[in-house]
Amino acid sequence: FFSCLFFFLATMSRMWLLVACLVLCMTLVWADTPHFKWAQDGTKLYITIDVVCTDNRDVALTDEYFSFGCDTSAGRQDLKFQLREDIVAANSTCTTLAHPRKGEFCELLKKGDEHDFDRLVENPKAFKKVMSADWKMGKSKDDDEGDDFFDGTPVKQVGGKKLDKMLKEQDFLVLHVEWPWCRKCDHTRDKFIDLARKMKKSKAKFVSTDPRDNRALRAMFEPVCDYTCYFHVHRKDEGPYKVKYQYDLDAMTESMKKFGTDLLDDVDDQKELDKFVKANPQSVLGVFKSKDDEAAKTFRATAIKFRGQYPFAVAYGKEIEGVSKAPSITVYKPFDEGSTKYEGDFESVEAVGRFVNVSSLASVMEYDYNLKDKLAGIGMFGVHFWTDAPSKEADERMELMKKVSKVFFGDAYFVRFNETQHRYLKDAFGAKSMVVGIQETMDHDALKYAYEGELTEDGLKSWIQKYKDGELKPSFKSEDVPTEDWEAGTVKKIVQKTLDAERTSESWVLTTFYKTYFDEWKDVEPVIAKVAKIVKVFPDITIGQYNHDENYFNEAWFEGANTKPMVHKTFMALFHPKNESTTVFAGPFKQGKILNFLKSNVPFVADKWSDVQGSIKAVAEQEQAEKEAAEAARKKEEEEFDAEHPKINVTEDGGIVKQIIEEGDGAVPKSGSNVQAHYHGTLLDGSVFDSSRERDEPFEFKLGQQMVIKCWDQAFATMKVGEQARLTCTSDYAYGDRGSPPKIPAKATLRFDVELLGFEADEAEEEELDEHDEL
């Protein structure tokens, strides 16, 4: 390059040589950068570099930068660029491709939610001559380039450079910062527009921006793809703030307006102070000699920290009656003592901030959903207690807690929960009879400690002090330990009280973690039951299940695993013997996939794979034999039922057949009647697809109005109140050729055991009956 530059300077007077020189220089620069292709899938980037290294191969990957270089037969080749979005460098690799696909292949793991990059590098123009898309390997373009959602609204869409300028010039910016590929907070965009319209007379400027366009912006606002949504605020001389999204527009507006006021209100005398405190019952006052005092600077920094939570006022160079001389900081509050004065280091933002936080809490607080945000990061543990409806006992417990709270001021916060509304939070302590517990933080998975002694002032003080001294053992939510012995070849029920023993056992324990309200668990349960039968040939493998609705769950159990589990979904964890390590399997939950997962992670399964295949065959044969036996038993039961209950053709073609199980003695409903009935629906093989009896919820419908299948409209019109019957309905009178996926297949004949509980005639029918009675 330097030779080229010298040649350029020496020949400046000759234009044609100048042009030739520039072409030569660019050729030399491009020659140092190898050609490469890139592709992607939902979680990874793939880079194939067209280079054959001979020596000095160097790979340097960071979350933000990609750097590869090596010596080749043609000289040194280097490929360096800044990535459009961050990756997880620690889990990314580059390997040398073998013949015949010579070159280098890099696999980069992307962070966060699955999504596609809109482009690989920050500056694609610089690599126009050497970069191309690898269409054979995967996608190379983002599916979602964003949209023009905010066009024609008070919200201005701006790019990275424009936003930099606005941050320097505008005093009050409200920002909607959202990854275009993330859809978890899409619902906030309409509210953001409404907020901009409602605050159009304020000095706030509302903008939307793509965080991919500005790395400095990403570092400042730290946007994430999460279901907890935020708007962002930037004040020129203060910096960025995150404001939690609220569904109520008026509440959101009031929250946002707090960021548009002056950071510090000036008060000159007692009269102004009284006016300020009256308008702001929960507020903070600082008195200092001047703005330049270090204590005053600390106070201002603290006010920035609590912007939007509490109003701050300040007096410089003045003494206000009733307030100690400068420097002083006082927290005013409409409860307990009414105010608290600070005694501590006036130059520590952390110390002053903690004082403001702690002093702003009531001695005993009522629980609400927003309390978690208020107490986050406060550095105190919680004493939680439960009371029910207002009573003398509840009042006495409240007074007791207020007394104890004074002893532990600054160490613990006290929260009252409603016994009826918040019972589920109490259950998490795992002690059924307790009324008081300690929880380390407000996080749902924080360690908990149940108090089960006599509820006295001295007893509580002693117990809380033992917690502070580290002498208490945590309590955990757990189902009862199964009393029946576990049988090999079945799924073992694991509860919190037995989990540690399973994790540290000599066996390999494949445990399914699930929540019962997940629909997918219904599909997974029979699969793992079959896997348990198959791996019965390996005594050192246990197949278990753990319901973390009913048992304590901690994500820390899976630190160091191959991947972080999706705790809001069903997943499997393979605990290696003596808990040496854990491998997570997130699906798909198919028999073959699970067995191959075991094969890849348990050495003796791979060594004895033929035993697995033999077991698969044996289990299949056993299930077939059981199925045939069950079918024979069902047919025998059907024959006996048919012999006792004659068939009645409701239709001439036999499409609806009724068999009366128990005669009714009431009236017969007419078309238009509101019918109440119970039903239990099955396919002909006996598998249940729906049942009001299992739900214990009678079903109601209007007869003859096509609100139900034809079979019901016609069959219930022949039944008396109190009658129980079995209906067999061909597909023509049920769900036809299409069925009702996923439970009712196409062209299915259905069977219902029904009971007519009662009916109400429609108004027209009742009027007709009344006239008849009069006649």
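The values are calculated or read from the model by the stated rules, or taken from the named source; none is laboratory data. Please read these numbers as outputs of a predicted model, since none were measured by experiment. Quick reminder, even Gly has a Cβ in these numbers, built from the backbone with ideal geometry, and neighbours come from all protein chains shown. For accessibility, only protein heavy atoms count, side chains too; no ligands or nucleic acids. Shrake-Rupley method; radii C 1.70, N 1.55, O 1.52, S 1.80 Å.
Electrostatic bookkeeping for E169 treats Lys and Arg as +1 and Asp and Glu as -1; over the other residues with beta carbon under 11 Å from its beta carbon, the sum is +3. The H on the amide N of V88, modeled in the peptide plane, is under 5 Å from the matching H of L109, K110, K111, each at least 5 residues off or on a different chain.
Note on the chain: with neighbouring protein chains present and a 1.4 Å probe, carbon and sulfur make up 49 percent of its accessible heavy-atom surface. What shape does segment 260-357 have by the C-alpha gyration tensor, where a ≥ b ≥ c are the square roots of the eigenvalues, rounded means a/c under 1.5, and otherwise prolate means a/b greater than b/c and oblate the rest? Rounded, since a/c falls under 1.5.
Ranked from largest to smallest solvent-accessible area, with a 1.4 Å probe on the protein heavy atoms, K205, K168, K599 come out as K168, K205, K599. Roughly how many Å is it from the Cα centre of segment 293-317 to that of segment 374-400, as a whole number? Value for the Cα centre distance between the two parts: 31 Å.
In this simple spin-label approximation, F604 and K635 carry label points 7 Å from Cα along the Cα→Cβ vector, and these lie 4.3 nm apart. Looking at the chain, the accessible area is 55 square angstrom per residue; that uses a 1.4 Å probe and ignores ligands, DNA and RNA. For segment 372-471, the list of trypsin sites (Lys or Arg not before Pro) that fall in a loop by DSSP and count at most 16 other C-beta atoms within 10 angstrom reads K432. Neighbours of K747, meaning other residues whose beta-carbon lies under 13 angstrom from its beta-carbon, give a summed charge of -1 when Lys and Arg score +1 and Asp and Glu score -1. Proximity of backbone amide H atoms, modeled 1.01 Å from N, is registered between D265 and F312, A313, V314 at under 5 Å, excluding neighbours fewer than 5 places apart on the same chain. Phi angles of segment 178-192 translate, via the Karplus equation with coefficients 6.51, -1.76, 1.60 and θ = phi - 60°, into HN-Hα couplings of 9, 5, x, 8, 8, 10, 6, 10, 4, 5, 7, 5, 4, 5, 5 Hz per residue; Gly and Pro are given as x.
Each Lys and Arg adds +1 at its Cβ and each Asp and Glu adds -1 at its Cβ; summed about the Cα centre, the chain shows a dipole of about 5020 debye. Once you have a ≥ b ≥ c as the square roots of the Cα gyration tensor eigenvalues for segment 331-468, tell me rounded if a/c is under 1.5, and otherwise prolate or oblate according to whether a/b is larger than b/c. It comes out prolate by the Cα gyration axes. Using the Karplus relation 6.51 cos²θ - 1.76 cosθ + 1.60 with θ = phi - 60°, the per-residue 3J(HN,Hα) values for segment 208-223 come to 10, 8, 8, x, 5, 7, 8, 5, 4, 5, 4, 5, 6, 9, 6, x Hz, with x marking Gly and Pro.
For segment 505-534, applying the loop criterion from DSSP together with a ceiling of 14 other beta carbons within 10 Å to the chymotrypsin sites (Phe, Trp or Tyr not before Pro) yields Y517, F518.
The rule of thumb for compact globular proteins, 2.2 N^0.38 Å, goes into the C-alpha radius of gyration of the chain 1.31 times. In sequence order, segment 466-480 has phi-based couplings of 4, 4, 4, 7, x, 9, 8, 9, x, 10, 10, 5, 8, 6, 5 Hz under the Karplus curve 6.51 cos²θ - 1.76 cosθ + 1.60, θ = phi - 60°, and Gly or Pro positions carry x. For the chain, the residue among V527, A196, L750 whose Cα projects farthest onto the positive side of the dipole built from Cβ charges is A196.
Proximity of backbone amide H atoms, modeled 1.01 Å from N, is registered between F701 and V675 at under 5 Å, excluding neighbours fewer than 5 places apart on the same chain.
Under 11 Å from the Cβ of G160, count the other residues' Cβ atoms, weight Lys and Arg +1, Asp and Glu -1, and hand me the total. Once positives and negatives cancel, what remains is +2.
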